[in-house]
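Taking it in order: structure first as structure tokens, then the write-up.
Nothing in this text is a laboratory measurement; each read-out follows from the coordinates by a stated rule. This one's a predicted model, so the numbers in the text were calculated from it and none came from an experiment. Using ideal geometry, Cβ is built from the backbone for each residue, glycine included, and neighbour counts are taken over all protein chains shown.
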Amino acid sequence: MTYVGIVLVSHSEKVTDGLKEIIREVIEDVPVESAGGMEDGLIGTSVDKITTAIRQADQGRGVLIFYDLGSAKMNTDLAIELADLQEEVELVEAPLIEGAYVGAVEASIGRDMTEILASIHASFPKIEIG
Amino acid sequence: MIWKEVDIVSWMDKTNEKIQANKSELTILDRNIGDGDHGINMSRGFQKIVDQLQETNYSSVSAVLKDVAMLMIRHIGGASGPLYGTAFLRLSLATENIQTIDTTTLAKGFHAATAGIKQRGKAKSGEKTLIDVWSPVTKYMNDTEEINPTKLVQVAELAMENTEDMLAKKGRAAYLKERSIGHIDPGAMSSYLLFQSLAEVLEGGSTT
């Protein structure tokens, strides 16, 4: 069975690693990739790390990306543009932790991108992230 | 002037010299209204750019610009990395597969680059960002018959100074609201240095 993949982007590697641990407590099969921090572990986001994570999370059913703050979004947009991927990749406007958790649960029961996005948007009213 | 690979390298060399010379000025400006890392980020990023350009042989202007874009994305960091990187990606795209790159081609490239920054940062003119320099400079380049280097610097300088009275709407400076007024935007200043260097290359004319 294949799943929609999940990519986690934060300025801190510890945040995305920790979030992945939380998700793995209950969901084992869905691809979840942690792409927080820069290459050297410093605070920030890395286009290369995000691109690699998207490729690894992709099983052919699309990838959902969750992020924390402003420049994480810009770097994720860039990663999507540069990766020139065949599959659908969506940046999700939802709180990073709660949104990714709901996304992973929905993905684990075999839902597709559209269904998962609808479910996330129903769970979280649209918010503006600085 | 016909733009060759060496002219882009020279543009980046000149920009790097100015960024390094104004590193603390950029830091002070960013400390006023941001997180104070613009000087350090730009200085680190541009040093990487000039080092890499020196070591590499390029077969087209577009290839140099693409490499500059990727180095910006990888090494500048913060919000400036993806914004400058996007601008240079668009410049690279606008010059791709074009044999003779004259200043008109480059001006069109700057138009695409400015649109790219706006798209990436979800920002527009008047929000106290680097767009407030890129936009008027691009307009001057595309409206004029022949780009005058002195005039180009004047347009960029005035545009940078105009950000002083603006209220920040984007990035960390936006949290300061009215307190962001009275300081030049650091991104506007680094963009001014970039265009000042471009004007110097234009002034010097073709190297080949």
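Enter the mean number of other protein chain beta carbons within 10 Å of the beta carbon of each residue in A:69-79, as an integer. Don't skip to the end; give the middle numbers.
On the way: counts 2, 8, 9, 1, 5, 12, 7, 1, 6, 9, 2.
Partner Cβ neighbours, averaged per residue: 6.
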Karplus 3J(HN,Hα) series, Hz, for segment B:4-19 with 6.51 cos²θ - 1.76 cosθ + 1.60 (x for Gly, Pro): 10, 3, 4, 5, 5, 4, 5, 4, 5, 4, 5, 4, 4, 4, 6, 4
Order of B:Glu161, A:Glu87, B:Glu55, A:Glu13 - criterion: other Cβ atoms within 10 Å of each residue's Cβ, fewest first: B:Glu55, B:Glu161, A:Glu87, A:Glu13
3J(HN,Hα) from dihedral phi, segment B:101-116, Karplus parametrisation 6.51/-1.76/1.60, rounded to Hz, x for glycine, proline: 9, 8, 5, 5, 4, 5, 4, 5, x, 5, 4, 5, 5, 5, 4, x
Amide H contacts under 5 Å for B:Met166, placed H, 5+ residues apart: B:Gly182
A:Met113, B:Met12 arranged by Cβ crowding within 10 Å, fewest neighbours leading: A:Met113, B:Met12
nm² value of the averaged projected area, convex hull over the Cα atoms of segment A:5-123: 6.3 nm²
Helix B:131-143 axis, angle to chain B major axis (alpha carbon atoms, nearest 10°): 40 degrees
Amide H within-cut-off set for B:Ile2, under 5 Å, with H built and near neighbours excluded: B:Ser206
Computed helical MRE - 222 nm, chain B, DSSP H runs ≥ 4 contributing -39500 (n - 2.57), nearest 500: -22500 deg cm²/dmol
Residue order, fewest to most surrounding Cβ atoms within 10 angstrom, among B:Thr56, B:Thr27: B:Thr56, B:Thr27
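Going by the alpha-carbon gyration tensor, a ≥ b ≥ c the square roots of its eigenvalues, is segment A:1-63 rounded (a/c under 1.5) or, if a/c is not under 1.5, prolate (a/b greater than b/c) versus oblate?
It is oblate, given that a/c is not under 1.5 and a/b is not larger than b/c.
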Long-range amide H partners of A:Glu88 with built H, under 5 Å: A:Gly62, A:Val63
Amide N of segment A:108-124 lying under 17 Å from the label point, which is placed 7 angstrom from the Cα of A:Glu88 along Cα→Cβ: A:108-122
Ordering of B:172-180, B:192-200, B:82-90, A:95-103 by packing [mean C-beta count within 10 Å, highest first]: B:82-90, B:192-200, A:95-103, B:172-180
Where Cα atoms sit under 15 Å apart: lysine pairs in segment B:56-208 separated by 8 or more or lying on different chains: 15
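Multiplying the sequence separation of B:Gln154 and B:Arg179 by 0.36 nm and subtracting their Cα-Cα distance, what value in nm do you get? Don't jump to the answer; show the numbers that get you there.
Details: separation 25, 0.36 × 25 = 9.00 nm, distance 2.72 nm.
Taking B:Gln154 through B:Arg179 to full extension adds about 6.3 nm, to one decimal.
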Residues of type aspartates and glutamates that A:Lys49 reaches as a straight line, Cα spacing below 16 Å, ignoring anything fewer than 8 places off in the same chain: A:Glu13, A:Asp17, A:Glu33, A:Glu39, A:Asp40, A:Asp58, A:Asp68, A:Asp77, A:Glu81, A:Asp84
